[in-house]
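Okay, so here's the structure we're looking at.
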Amino acid sequence: MPLTAQFAPLYEITADWLIVPVFEEEGFSGPLAALDQRLGGALSRLWQAGDVTSKPIELTPLLDVRGAAVPRVMIVGLGKRAALERSILTDAATAAARCVTDRPRRRVAFALPSPTERLGWEELALAAGVGLMQGSQGPGVRKTEPVRFVPDDLCLIAPPGADADAVQRGARRADIEGRAVALARELVNMPPSDLYPETFAALALEMAGAVGIACTVLDETQLESEKFGSLLGVARGSERPPRLVLLHWQGAEKPTRLGYVGKGVTFDSGGLSLKANDQMLDMKCDMAGAAAVLASILAIAELRLPVDVLGILALVENMPSGKALKLGDVLKARNGVTIEVLNTDAEGRLILADALAYAVDLRATHLVDLATLTGACMVALGEQVAGLMGNNETWNQQVQSAAQRAGERVWPLPMWPIYNDLIKSEVADIKNVSGKRYGGAIVGAKFLERFVGTTPWVHLDIAGPAWAEHASPIRDAGGTGCMVRTLVELAAAK
Ligand code: BES
Ligand code: MN
Ligand code: ZN
């Protein structure tokens, strides 16, 4: 399903569907007038009758269209031109693509809107292209009867007078980013008995090799000699041995070395602090952080971005068994910090502790960790917003603004020293839970802070946005591929 760009008048486009976005105050005047004319004024009649209002994401399909090369047109609303944001365009393209891919299609085309004050051709092509790709893939790949059909071809259309280089740049990046987001979604959607630490690591090794990323996998013996005591504690309850994947893309020699660290709990049963069925049923999503790290580094390498990025996937399965961690056990992390384990369901921070300390040892200068870490973060910010916590205001801001440019929602939570008391332990340096109800997302971050030293570090708690319980017009249920685009944008800006 390659995504390409084409420069031609809309009435000449051949495709199974032509998706035409329209602004509220413009209707079918301006750039869309020529198409309207070929269609015998059908579009402006719909507008005048009030059948098309162009509120954001409003969809109006036109079938059996006569007068243009294309037989079907999908009109999609964008709202007011002045209010257009990348995320609105992405959502509009996603919603339209979800509708038109209900049957096998050879080619789906999307007419780019003309540039606005804030968004040029490149931004428009990137935002629309990613949406088009997102909406063309669904989670039902294991259904006997498919409900969605990936088109052979996706195409962004710009008028012959457009800045062709900018459109091409945006389309190329959308193609790469769109595939990366789809990969992260698919990894999250994979059944946990198919995707476990060894298979995840093998996949990463193969995919990294294909695009020239250096990749090493540490097995349980190597993790032992590298002093990953905290991660190994979590892993020992499972029949499946842990893995740590180290990815290194060195697109340039730079003083800045980014370190992306992902929580990869391929299934979180809670361990001996066992979850109830309702809390466990979507816990195959607990590796979404690791999926975002792998997918974004693949995209960064494919884009040949001139940056130095480390990716670390901390892969374990959290299971109860006769060998599992017990409450009251004390673990020693790679950096020497001792941890009293009082809840085996707070396992993400235990594996990230070692992985973050490892990233610091590998001389990462700026860290971002991504983790489906706490239900408390969803209580604080809802299901669609990631929590952002860190130890360096400048770096916090840079990550937050990269997310904003990528059209993804993150919001800061405080990290004041008053919270340090919550993880004080009687028997070890720290404990892994506070034992109190409040401020759970921050407690998790305060714990992680002990493993990054003075390196600028941001923790993104993606427990909410990593997973969609229900489908909506703008997205499928299941894995969302969240933060892949933010991580690519962050690298592109460095
Ligand atoms: N993986 C969960 C967090 C989670 C919850 C992710 C819901 C996605 C949706 C994490 O390992 C966990 O169990 N956290 C505990 C922490 C508690 C024991 C301090 C939680 O949130 O209840
Ligand atoms: Mn847990
Ligand atoms: Zn977990």
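Is it the case that some residue within the range 420-436 is among the aliphatic types (A, V, I, L, M), buried (at least 18 other Cβ atoms within 10 Å of the Cβ) and within 16 Å of ligand 3 (Cβ to nearest atom)? Walk me through it before giving the result.
Here is the first cut: in the range 420-436, the residues among the aliphatic types (A, V, I, L, M) are 422-423, 427-428, 430, 433.
Narrowing further to those that are buried (at least 18 other Cβ atoms within 10 Å of the Cβ): 422-423, 430, 433.
Adding the requirement that they be within 16 Å of ligand 3 (Cβ to nearest atom) leaves 433.
Yes, some residue in the range 420-436 is among the aliphatic types (A, V, I, L, M), buried (at least 18 other Cβ atoms within 10 Å of the Cβ) and within 16 Å of ligand 3 (Cβ to nearest atom).
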Quick test for you: out of Leu218, Leu205, pick the one residue that is closer than 28 Å to Gln134 by Cβ, surrounded by fewer than 24 Cβ atoms within 10 Å (Cβ to Cβ), over 18 Å from the mean Cα position of the chain (by Cα) and in the same structural domain as Val452 (by TED's automatic domain parsing). Leu205
Please report, ordered by residue number, the helices (runs of 4 or more DSSP H) entirely within the range 375-494 with at least 1 residues that are within 16 Å of ligand 2 (Cβ to nearest atom). 375-381, 440-449
Filter the range 255-269 for residues that are touching a strand residue (DSSP E or B) at 6+ places or on another chain (Cβ under 7 Å) and outside any strand (DSSP E or B); which is nearest to Met483 (Cα to Cα)? Thr256
Residue pairs meeting the criteria (Cβ under 6 Å; at least 6 apart or on separate chains; first without any contact (Cβ under 8 Å) to a residue 40 or more places away in the chain, in the range 118-144; second among the β-branched types (Val, Ile, Thr) and in a loop (DSSP other than H, G, I, E, B)): Gly140/Val147
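Does Ala471 satisfy the criteria of being away from ligand 3 (no atom under 16 Å from the Cβ) and without any contact (Cβ under 8 Å) to a residue 12 or more places away in the chain?
Numbers: away from ligand 3 (no atom under 16 Å from the Cβ): yes; without any contact (Cβ under 8 Å) to a residue 12 or more places away in the chain: yes.
So Ala471 fits the description; yes.
Which of the residues spanning the range 257-278 are without any contact (Cβ under 8 Å) to a residue 12 or more places away in the chain and not charged (D, E, K, R)? Talk me through it step by step, then tell me what you get.
Within the range 257-278, the first condition is being without any contact (Cβ under 8 Å) to a residue 12 or more places away in the chain, and the residues that meet it are 276-278.
Matches in the range 257-278: Ala276, Asn277.
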Pairs returned, first residue in the range 414-429 that is in the same structural domain as Ala380 (by TED's automatic domain parsing), second residue that is modelled with pLDDT of 95 or more and small (Gly, Ala, Ser), beta-carbon separation under 6 angstrom, 6 or more apart or interchain, are Leu422/Ser434
Note on Ser230: of the conditions (1) crowded, with 24+ Cβ neighbours inside 10 Å; (2) over 27 Å from the mean Cα position of the chain (by Cα), unmet is (2)
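Quick check on my filter: what residues within the range 313-334 are aliphatic (A, V, I, L, M), under 24 Å from Gly259 (Cβ atoms), in a strand (DSSP E or B) and away from ligand 2 (no atom under 14 Å from the Cβ)? So that I can check it myself, show each step before the final result.
Kept after step one, since they are aliphatic (A, V, I, L, M), are these residues of the range 313-334: 313-316, 319, 324-325, 327, 330-331, 333.
Retained after the next criterion (residues that are under 24 Å from Gly259 (Cβ atoms)): 313-316, 331, 333.
So of that shortlist, the ones also in a strand (DSSP E or B) come out as 313-316, 331.
Leu313, Leu315, Leu331 - these are the residues of the range 313-334 that are aliphatic (A, V, I, L, M), under 24 Å from Gly259 (Cβ atoms), in a strand (DSSP E or B) and away from ligand 2 (no atom under 14 Å from the Cβ).
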So is Ala290 in contact with a strand residue (DSSP E or B) (Cβ under 7 Å, 6 or more places away or on another chain), more than 12 Å from ligand 2 (Cβ to nearest atom), among the small types (Gly, Ala, Ser) and assigned by TED's automatic domain parsing to the domain that holds Val217 or not? yes
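Within the range 353-368, can one find any residue that is under 19 Å from the mean Cα position of the chain (by Cα), in the same structural domain as Gly229 (by TED's automatic domain parsing) and crowded, with 20+ Cβ neighbours inside 10 Å? Write out each step before concluding.
Let us first name the residues in the range 353-368 that are under 19 Å from the mean Cα position of the chain (by Cα), namely 367-368.
Retained after the next criterion (residues that are in the same structural domain as Gly229 (by TED's automatic domain parsing)): 367-368.
Subset that is crowded, with 20+ Cβ neighbours inside 10 Å: 367-368.
Yes, that holds for at least one residue.
Can you pull out every residue in the range 10-27 that is out of contact with any Lys or Arg (no Cβ under 8 Å at 6 or more places or on another chain), at pLDDT 95 or above and surrounded by 16 or more Cβ atoms within 10 Å (Cβ to Cβ)? Can you show your working first?
Let us first name the residues in the range 10-27 that are out of contact with any Lys or Arg (no Cβ under 8 Å at 6 or more places or on another chain), namely 10, 12-13, 19-22, 27.
Imposing the further condition that a residue be at pLDDT 95 or above reduces the set to 10, 12-13, 19-22.
If the condition is that a residue be out of contact with any Lys or Arg (no Cβ under 8 Å at 6 or more places or on another chain), at pLDDT 95 or above and surrounded by 16 or more Cβ atoms within 10 Å (Cβ to Cβ), then Leu10, Ile13, Ile19, Val20, Pro21, Val22 are the ones that fit.
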When the residues of the range 372-400 are filtered to those that are surrounded by 14 or more Cβ atoms within 10 Å (Cβ to Cβ) and without any contact (Cβ under 8 Å) to a residue 60 or more places away in the chain, which remaining residue is nearest to Asp91 (Cα to Cα)? Gln400
Within the range 398-457, which residues are in contact with a strand residue (DSSP E or B) (Cβ under 8 Å, 6 or more places away or on another chain) and among the small types (Gly, Ala, Ser)? Ala403, Ser425, Ala428, Ala441, Gly444, Ala445
Given the residues Leu305, Leu313, Leu327, which is the only one that is within 29 Å of Thr454 (Cβ to Cβ) and either surrounded by fewer than 18 Cβ atoms within 10 Å (Cβ to Cβ) or more than 16 Å from the chain's Cα centre (by Cα) (or both)? Leu305
Would you mind telling me which numbered condition in (1) touching a residue at least 24 places away in the same chain (Cβ under 8 Å); (2) surrounded by fewer than 19 Cβ atoms within 10 Å (Cβ to Cβ); (3) under 34 Å from the mean Cα position of the chain (by Cα) Arg66 fails? (3)
Quick one: is Asp278 more than 14 Å from Gly479 (Cβ to Cβ) and either within 12 Å of ligand 1 (Cβ to nearest atom) or among the small types (Gly, Ala, Ser) (or both)? yes
Among the residues of the range 325-379, write down those that are out of contact with any Asp or Glu (no Cβ under 6 Å at 6 or more places or on another chain), more than 13 Å from ligand 1 (Cβ to nearest atom) and charged (D, E, K, R). Lys326, Asp329, Lys332, Glu340, Asp354, Asp361, Arg363, Asp369
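The values are calculated or read from the model by the stated rules, or taken from the named source; none is laboratory data. Note that the structure is predicted; figures quoted are calculated from it, not measured. Note that we place each Cβ from the backbone using ideal geometry, even for glycine, and neighbour counts take in every protein chain shown.
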